[in-house]
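These notes concern the structure reproduced below.
Rule-based calculations on the coordinates, nothing more; no lab input. Just so it is clear, the structure is predicted and the values come from calculations on it, not from any experiment. Don't worry about glycine lacking a Cβ; one is built from the backbone with ideal geometry, like all the others, and counts go over all protein chains shown.
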């Protein structure tokens, strides 16, 4: 628990520093690459570590963080509406559902027939 808390606090500290010390651009399109990169990378790391603290699965928290940042970018570009929001949520929801661990017993030890048993059945 404490090992997950330290990176989260450090990344939020860096994000707060970036917000307070880097000059704020008028619009997202007028920002230089340093402003965009420093803001979004520190936000991404902060969100990832925070969500990882809740979910205890880093890859899912990375995907959720990308989804949140995509929604923020769409909002900053004035392109966020109900359709784009819905499509973004559906796309990242499908991506997360694809990563779920399947609990199928189709290939468990007891259900898989031995090859030698199959060949004996064909001979008789």
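With a ≥ b ≥ c the root eigenvalues of the C-alpha gyration tensor of the stretch 35-90, is it rounded (a/c under 1.5), prolate (a/b larger than b/c) or oblate?
oblate
Please sort 61-67, 21-27 by packing, taking for each peptide the average over its residues of neighbouring beta carbons within 10 angstrom, highest first.
In decreasing order of mean packing, 61-67, 21-27 become 61-67, 21-27.
How much length would be gained if the chain were fully extended between residue 34 and residue 22, taking 0.36 nm per residue of separation minus their Cα-Cα distance, in nm to one decimal?
Gain in length upon complete extension: 3.4 nm.
Put a dot 7 Å past each Cα toward the Cβ at residue 9 and residue 79; how far apart are the dots in nm?
Using points 7 Å along Cα→Cβ, the separation is 3.9 nm.
According to the square roots a ≥ b ≥ c of the eigenvalues of the Cα gyration tensor, what is the shape class of the stretch 21-65, taking rounded for a/c under 1.5, prolate for a/b larger than b/c otherwise, and oblate for the remainder?
Prolate.
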